[in-house]
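Quick notes on the structure that follows.
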Amino acid sequence: MLVLDENLSEIEVWRLREWSIAVRQVGPDVASRSVTDDNLLPVLHRLKRPTFFTRDRDFWKAGLRHAGYCLVFLDMLEHEGEVAATIRRFLRHPAFNTHAKRMGKVVRVHYDGLHYWQMGVRSLQLASWPD
């Protein structure tokens with residue numbers, strides 16, 4: 001299940017759905033609008049293998065790793081269509097293209113590549129964007 005934070009615009013949600021990427025958004029589809037960050041993690045625990053996308057830097061912490069979900073911090077400016085395109089690109093990345101590959105990771109996505117914390121690994125990992 002792909003879950004988008006409420007801080008992502010409706011245009012980005014619409015673009016993903018236009019590309020047949022099934023997403024749910026905090027507020028209309030999952031939890032309630034304006035749920036606090038601390039209260040969102042228990043919601044993710046109740047969902048089946050969620051990957052949560054946000055522009056909130058508070059989710060970029062190694063201590064938030066959990067085997068039951070993936071957190072993706074989109075460290076980028078929100079230009080129309082770029083966030084959706086980056087989410088699609090992330091989901092196609094060979095290191096993250098299945099639920100099994102994403103679970104237990106906290107990922108920072110940016111233009112230069114991807115950094116991530118993984119369960120059972122102490123050091124920060126790096127993945128490049130494929131050519």
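So here's what we get for this one:
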read-out: Relative contact order of the chain, pairs being alpha-carbon contacts under 8 Å that are 6 or more residues apart, as %; value: 22
read-out: Order of LEU4, LEU64 - criterion: other Cβ atoms within 10 Å of each residue's Cβ, fewest first; value: LEU64, LEU4
read-out: Sum of side-chain charges, VAL106 neighbourhood, beta-carbon under 9 Å (Lys, Arg +1; Asp, Glu -1); value: +4
read-out: Antiparallel content of DSSP bridges confined to the chain, in %, to 5; value: 40
read-out: CD proxy at 222 nm, helix term only [per DSSP H run n ≥ 4: -39500 (n - 2.57); per residue of the chain; nearest 500]; value: -7000 deg cm²/dmol
read-out: Theoretical FRET efficiency, 1/(1+(r/R0)^6), r = Cβ-Cβ of MET119 and ARG89, R0 25 Å, to 0.05; value: 0.60
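No value in this document is a laboratory result; all are computed from the given coordinates. Just so it is clear, the model here is predicted, and its values are computed rather than measured. Neighbour counts are summed over all protein chains in view; Cβ atoms, including those assigned to glycine, are modelled from backbone coordinates with ideal geometry.
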